[in-house]
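J.: Questions regarding the structure given below will be posed in turn.
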Amino acid sequence: MNRINYLFFFTVSLLTFGCTSADVNRFIQGASQATLTNEDVGNGLRDALVKGISVGADQAAKENGFFGNDLIRIALPEDLRRLESTMRQFGLGAEVDRVLLTINRGAESAAKEAKPIFINAIRQLTIQDAFAVLRGDQDAATQFLRRTTTEQLTVLFEPKVQESLNEVGATRHYTDLVNAYNAIPTTRKINPDLNAYVTEMAIDGLFKLIAEEELKIRENPAERTTAIMRRVFGSVQ
């Protein structure tokens, strides 16, 4: 008896003996999940990661994707953040605001290049990784990406961030602000290097957005946009 006839026979039998439609659905779902292969799990996790990455990167790359999002907006580097009120008191408020806007614009511009870098990393997902992610915490997929790709992403992303910062004038405005602050007598001097900081914050922001999408996929079946995603994530609920 083939699988389709087998399921049909048992469905009719369950209904005949007074089982509810919910009982039948649970039976069919269980039979479907029981047939999941290692390849299915790997493909389902890759689909989920691609979806999370695509949505997250597209969201970050929009105008105000960073600057307009409280979750990932990039603040001043720590040295300047502690001194922001002092700088505003010394008449540097407009310069501070200009730097805040342009460093976030730089991250938004660089985020346009993030998707292929992340997607390439997904190809390294092994079957063992896939099962660990599937059965792990709510952000297990994001943590896997963070753990396995941050170093590579930093190397690949940093020149793109620098290019973007230069395009929007962030490097110039930041250097002007730091130089103006360093010219104030008795203040502690600050290193005007900006690129490494924005790169780190931009990558961290992307991971935060990916984690949000992963949680949606895990908790909301409507977010599982492929059949294999529905089967794989349905199997652990």
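Bear in mind these aren't lab numbers, they're just calculated from the coordinates by the rules spelled out. Note that this is a predicted model, so its numbers are computed, not measured. All Cβ positions, glycine included, derive from the backbone under ideal geometry; neighbour counts span all protein chains shown.
J.: Expressed as a whole number of Å, what is the distance separating the alpha-carbon centroids of the stretch 174-237 and the stretch 53-74?
T.: Their Cα centres are 8 Å away from one another.
J.: Sort V133, V41 so the one with the fewest other Cβ atoms within 10 Å of its own Cβ comes first.
T.: V41, V133
J.: With an 8 Å Cα cut-off and a minimum separation of 6 or more residues, compute the relative contact order for the stretch 38-234 in percent.
T.: Relative contact order for the stretch 38-234 comes out at 37 percent.
J.: Between N120 and T37, what is the FRET efficiency for a Förster distance of 35 Å, r being their Cβ-Cβ separation, to the nearest 0.05?
T.: After rounding to 0.05, the efficiency reads 0.90.
J.: Each residue of the stretch 146-160 in turn: what ³J(HN,Hα) in whole Hz from Karplus with 6.51, -1.76, 1.60 and θ = phi - 60°, glycine and Pro shown as x?
T.: Calculated HN-Hα couplings, in order: 4, 5, 9, 10, 4, 4, 5, 4, 4, 4, 6, 7, 4, x, 5 Hz.
J.: Which lysines have a Cα lying under 17 Å from the Cα of K216, excluding residues fewer than 8 positions away in the same chain?
T.: K51, K208
J.: In addition: When I210, I117, I184, I203 are ordered from fewest to most other Cβ atoms inside 10 Å of their Cβ, what list results?
T.: Final ranking by Cβ density, sparse to dense: I184, I117, I203, I210.
J.: Set the Förster radius R0 to 22 Å, insert the Cβ-Cβ distance between S54 and R81 as r into 1/(1 + (r/R0)^6), and round the FRET efficiency to 0.05.
T.: After rounding, the FRET efficiency stands at 0.10.
J.: Would you mind counting up the charge near A75? Only other residues with Cβ under 13 Å from its Cβ, with Lys and Arg at +1 and Asp and Glu at -1.
T.: Charge balance in the 13 Å sphere: -4.
J.: Further question: Quick one: net charge of V236's neighbours, Cβ under 11 Å, K/R +1, D/E -1?
T.: +3
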